[in-house]
Amino acid sequence: RWENEADGARDQRKCVMKNRNHCGRSPTTLTVDYLPVLELSGDLFARKFDDNAEPLIKDYIDTRRLKEEERLKREAKLTKEMKQNGTDAVLPLEDWEFQGEGVMVVAKETLTDDVPLCMGLAKEGNQVMLQPCFKDDVPPTLSPGWEEGAVIFEELEGLNRWDIGPCSSDGELKRKETGELEMIPGEYSERGPSCVIKIGDGPRRGRCLDVESEHKEPGGLLNVFPCYMRWHQMFSFGNGTIAPRGAIHATLPKHIAKQVQKDEGVVYPNLCFGVVGRGVMEDTWTEYTEEEMEEYDPWEHDDVEHYPNGRKSLQLWSGHQLQTTPCKNTGAVIEWYYIPLIVEEYEDESGDTPEDGTAADAADIPDTEEDDEEL
């Protein structure tokens, strides 16, 4: 599909994607599996369509434009009503925006553990880890069903705040009262909306969750990286069909999956967030050094703790980097709950409450300007 063999300079305007090596003198034929990229990239749609190769994509664009027009009309009407009533024009949030303060992403199996575990960013570097959600004094105070409410931002330990969105518009996402995120498939996409997930705090605030180096096979490490809107930075949420309910997964575009099938003989088109050493499938995609082979990881001992469902306790992976695993490897896939965050208002020394309502320890942290190289 990529026409990058031509001599001479390539015209970047002809390519939706940001990688110049995937841009030639003619753009790629756009297919339905690239709809989230089309919608969220901010680039122009009208590049190259083929009604024989992909008859649905222009229908989707028409549907999306209609939804956008309806949304703009609703917002204009609401803004007008608010101005007439003398109130501030605060537009309603999408279901996945979680009150605008971000969300804590908790491993479902650890909700009742002494130390609930979250998807979070390491204190140093770009690695996305499974790590404690709260400061040490918080878990003993949690009441049964705590995941059904919200959590005060100041109670978090480390960098565990995430912002979900923007999301593509085909399908729906709704947070249930239990803390689960319900995915409703779209008219054109069985995986529903695809979303960008960004870290909400720290020097790498605003960077995107990323499958390292566009890793197309299981075993891809999860990091944060500057956002550039490719398939490995757009994630969907399982509903029990192509991915377990509550799972987060990346989906290979069809042309990439086809090439992997040709090169490797086997392809896993849906790659879920999970851990190594758990599940029923052999972790043949994980490479170890000789030194690592000689040492047992915490989960490799015979007497480790198990949950009532027979799976090894996720506490064994606390402090370890998350990676991708085939979504059908259900024992290794982590199911997640999504807990909205709230920021308590406080009074400064003058007795005034800051207009933005943020807490003192949530003050601005300088962003890192330079682009890190992927590990």
Karplus ³J(HN,Hα) for the stretch 214-228 (6.51 cos²θ - 1.76 cosθ + 1.60, θ = phi - 60°; Hz, whole; x = Gly/Pro) runs 6, 4, 8, 10, x, x, x, 6, 9, 9, 10, 7, x, 6, 9
Choose one of I199, T63, S143: the residue whose Cα lies farthest towards the positive end of the charge dipole of the stretch 63-219 (beta-carbon charges +1 Lys, Arg; -1 Asp, Glu; about the Cα centre). T63
At a 1.4 Å probe radius, carbon and sulfur cover how many percent of the accessible area of the stretch 168-252? 46 percent
For the stretch 81-223, averaging the sequence separation of alpha carbon pairs under 8 Å that lie six or more residues apart and dividing by its residue count, the contact order in percent is 19 percent
Once D297 and R74 are pulled to full extension, the length gained, defined as 0.36 nm per residue separation minus their Cα-Cα distance, is 74.8 nm
Hey, with R₀ at 22 Å, roughly what FRET efficiency would V32 and E217 work out to, going by the Cβ-Cβ distance, to 0.05? 0.40
Length released on extending from I342 to K174, taking residue separation times 0.36 nm less the Cα-Cα span: 58.6 nm
Grab the beta carbon distance between V266 and I184, set R0 = 30 Å, and tell me the FRET efficiency rounded to 0.05. 0.45
So what's the net charge close to I334: Lys and Arg +1, Asp and Glu -1, counting the other residues with Cβ under 13 Å from its Cβ? +3
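The values are calculated or read from the model by the stated rules, or taken from the named source; none is laboratory data. As the structure is a computational prediction, the values presented were derived from the model and not from experiment. Reconstructed Cβ throughout: ideal geometry from the backbone, glycine too, with neighbour counts over all protein chains shown. Areas reflect the complete protein model, heavy atoms only, side chains present, ligands, DNA and RNA absent. Shrake-Rupley method; radii C 1.70, N 1.55, O 1.52, S 1.80 Å.
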